[in-house]
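First the structure, in the form of structure tokens, and then the observations on it.
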Amino acid sequence: MCGRFTLTRTSLREVAEALEADFSADDAAAYRPRFNVAPTDRAWLLVGDQGPGRRAVVGARWGFPQEYGPRQDDPVGLINARAETAADKPTFRRAFLHGRCAVITDGFYEWGGARGHRQPLWFHTPRRELLLLGGLWREHTDDDTGEVQRRFTVLTTEANAVVSPAHARMPVILPPAAVSRWLTPAPSRRPDQERLVHELRGLLRPADNALLLATPVSSRVNNAKHDDPSLIEGERLLF
């Protein structure tokens, strides 16, 4: 699964320029570096369909609203979706066609070790580059406030050899060459949509083992209220 992640860049401009994407002045003012993004928090997505060849960085709340089943009133929503089945699930089917996004991070957390002695690990690239996680989003109207919110979930797949000692699943990390295809709007004809879904499934696979390092980090990350640079100051690297 993926239940916590980081985006530690100092400004939204820095993020957007690295991704060659647009952003709004209001979002830039709302942005701050995050060292412990948790479910229901605001995070940042890369979305397409902003005009020919244009993409944008936009804010969204983590937790996809569930409209079916016994947990449809859960205010948190679904923070993960299985990449193998998301396109077929009623909750995610439309978003898989029309709401694909890349969740912008520079690392994610998992916990390894025996029960009662779990060690938090921060998974990141050796040079701490941005990681784009496969995601789905949709708009949702808050019943209490009437506010229209952008809500998202992170797609997961089988863990690679780096992550599997800590967890059986990991977030889908989109290779740079696959991002444009993932964000391409779906065609209108059903046969073309079916071909696209088949193609996109092939992008949703475990990351190459050489991509990530695992850094043991402070147990303070266990508390989502802790959110500062000291959380990721590991002393040694694993795997």
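The values are calculated or read from the model by the stated rules, or taken from the named source; none is laboratory data. Predicted model only: the values in this text are computed from it and were never measured. No Cβ is skipped: glycine too gets one built from the backbone with ideal geometry, and neighbour counts run over all protein chains shown. Quick note on the areas: whole protein, heavy atoms, side chains included, nothing else; ligands and nucleic acids left out. Shrake-Rupley method; radii C 1.70, N 1.55, O 1.52, S 1.80 Å.
Anything in segment 59-118 that is β-branched (V, I, T) and over 22 Å from A207 (Cα atoms)? List them, or say none.
Correct list: V76, T91.
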Residues of segment 180-203 that turn out to be part of a loop (DSSP other than H, G, I, E, B), out of contact with any Leu (no Cβ under 6 Å at 6 or more places or on another chain) and touching a residue at least 24 places away in the same chain (Cβ under 8 Å), as a count: 3
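Within segment 185-225, work out how many residues are among the hydroxyl-bearing types (S, T, Y) and touching a helix residue (DSSP H, G or I) at 6+ places or on another chain (Cβ under 8 Å).
Total meeting the criteria: 2.
Matching residues to (1) in contact with an Asp or Glu (Cβ under 7 Å, 6 or more places away or on another chain); (2) modelled with pLDDT under 95; (3) more than 28 Å from S230 (Cα to Cα):
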residue	(1), (2), (3)
L12	yes, no, no
R34	yes, no, no
T40	no, no, no
D74	no, yes, yes
F108	no, no, no
Within segment 218-239, considering residues that are modelled with pLDDT under 95, among the hydrophobic types (A, V, I, L, M, F, W, C) and part of a loop (DSSP other than H, G, I, E, B), the one surrounded by the most Cβ atoms within 10 Å (Cβ to Cβ): F239
Given (1) closer than 24 Å to D41 by Cα; (2) over 17 Å from the mean Cα position of the chain (by Cα), number of the condition L174 does not satisfy: (2)
Segment 20-45, subset assigned to a loop (DSSP other than H, G, I, E, B) and out of contact with any Phe, Trp or Tyr (no Cβ under 8 Å at 6 or more places or on another chain), residue farthest from A177 (Cα to Cα): R32
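How about segment 1-13: which of its residues are open to solvent by 80 Å² or more (accessible area, probe 1.4 Å) and in a helix (DSSP H, G or I)?
R13
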Set R150, R181: member being over 28 Å from P75 (Cβ atoms) and among the basic types (K, R): R181
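Within segment 178-196, is there a residue that is open to solvent by 80 Å² or more (accessible area, probe 1.4 Å), under 21 Å from E129 (Cβ atoms) and at pLDDT below 95?
Within segment 178-196, one or more residues are open to solvent by 80 Å² or more (accessible area, probe 1.4 Å), under 21 Å from E129 (Cβ atoms) and at pLDDT below 95.
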